[in-house]
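Peer 1: Quick one: the structure is below, questions incoming.
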Amino acid sequence: MVIIEFFVGCAGTGKSTLTGIYRDWLNDQPELYAIAINFDPGAMSLPYKPDIDIRDYIRIEDVMEQYNLGPNGALVASTDLTINFLDDIKKEINELRPNHILVDTPGQMELFAFRSSGIFILAALGGQESVMNYLIDPNLAKRPSGFVTAIYLGLSIQTRFHVPQQYILSKIDLLSEDETDEIITWSTDFDKLENALNLEAKGERRELNTLLIQALKTLNISGELLPISSINNIGISDLYQSVSRIALGGEDFSELT
């Protein structure tokens, strides 16, 4: 059995760093062989060496010249054009024969999450058997309103792909222990989140906060965030255990290979 994980999140949330650190950690475990795939054609540099790299198939400069596009337009076009190389990517995967595949998506999350190419990529590589790792920016999550924004953005991704999704509070090395604990508490106790929101806002904004929290309660998405620091190597093993519970019903993947 092969587990495939996609890493999504806003620019700067640490997707690429986590992808590389996590791959190395997995490959240090018995019976596991993980590969990392870079699906960002516009990446100037990466903190790890991809096992498979979309930049080997498509170059932003070539797209700019061929279609007479500026940098931003070429990035969008290049991301859409990646679907033309999915058969080649799958061939590379089959040659490597991994049992764990990590997909590093474009830095600009909307290029993967909200364009049709993202749906095609997920369907071709893992389909409904995939796990989506959604990274939340710690600086955004420090404020209650920012945290709610991040959660709703995550919900939009779940709605888009309809696969199991792990919510990750990334870069906790940028937070104090108290800040981390408070954010984790908000993820499991929406009443405390609502109280924190109401300290930020008055009047109509407070009424909106109440409606937003009621919607979260109705959706019943409450689940503790997974705190991770790639820099300090915190939470990496917890991510593996969480994915195992999601994909394999709680069994350790290495025991099934």
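The values are calculated or read from the model by the stated rules, or taken from the named source; none is laboratory data. What you are looking at is a predicted structure, and each value in this text was computed from that prediction instead of being measured. Reconstructed Cβ throughout: ideal geometry from the backbone, glycine too, with neighbour counts over all protein chains shown.
Peer 1: Do you know which residues across segment 163-188 are free of Cβ contacts under 8 Å to residues at least 60 places away in the same chain, more than 14 Å from the chain's Cα centre (by Cα) and either buried (at least 20 other Cβ atoms within 10 Å of the Cβ) or on the phi > 0 side of the Ramachandran plot (or both)?
Peer 2: 180, 183, 186, 187
Peer 1: Would you confirm whether or not segment 81-93 contains a residue that is outside any helix (DSSP H, G or I), over 24 Å from residue 157 (Cβ atoms) and without any contact (Cβ under 8 Å) to a residue 24 or more places away in the chain?
Peer 2: Checked segment 81-93: no residue is outside any helix (DSSP H, G or I), over 24 Å from residue 157 (Cβ atoms) and without any contact (Cβ under 8 Å) to a residue 24 or more places away in the chain.
Peer 1: Follow-up question, since we're still on this one. Does segment 143-178 hold any residues that are in contact with a strand residue (DSSP E or B) (Cβ under 7 Å, 6 or more places away or on another chain) and under 13 Å from residue 113 (Cβ atoms), and which are they?
Peer 2: Listed by number, the residues that qualify are 154, 157, 158, 161, 163, 165.
Peer 1: Name the residues in segment 219-229 that are at pLDDT 95 or above and not hydrophobic (A, V, I, L, M, F, W, C), would you?
Peer 2: Selection gives 227, 229.
Peer 1: Among 140, 125, 135, 199, which is the only one that is over 22 Å from residue 240 (Cα atoms) and surrounded by 13 or more Cβ atoms within 10 Å (Cβ to Cβ)?
Peer 2: 140
Peer 1: Name the one entry in 30, 50, 41 that is part of a loop (DSSP other than H, G, I, E, B) and in contact with a strand residue (DSSP E or B) (Cβ under 6 Å, 6 or more places away or on another chain).
Peer 2: 50 is the lone residue from the list that is part of a loop (DSSP other than H, G, I, E, B) and in contact with a strand residue (DSSP E or B) (Cβ under 6 Å, 6 or more places away or on another chain).
Peer 1: Taking segment 112-139 on its own, how many of its residues are touching a residue at least 60 places away in the same chain (Cβ under 8 Å) and more than 13 Å from residue 160 (Cβ to Cβ)?
Peer 2: 8
Peer 1: OK, next. Given the conditions (1) closer than 18 Å to residue 13 by Cβ; (2) outside any helix (DSSP H, G or I); (3) of a type outside the set (S, T, N, Q), which single one is not true for residue 179?
Peer 2: (2)
Peer 1: Of all residues being aliphatic (A, V, I, L, M) and in a loop (DSSP other than H, G, I, E, B) in segment 1-27, which is modelled with the lowest pLDDT? Just the residue, please.
Peer 2: So, considering only residues that are aliphatic (A, V, I, L, M) and in a loop (DSSP other than H, G, I, E, B), the one modelled with the lowest pLDDT is 1.
Peer 1: Let me ask you something else. Being farther than 17 Å from residue 234 by Cβ, over 16 Å from the mean Cα position of the chain (by Cα) and of a type in the set (Phe, Trp, Tyr) is the filter; apply it to segment 13-48 and report the residue that is surrounded by the most Cβ atoms within 10 Å (Cβ to Cβ).
Peer 2: 48
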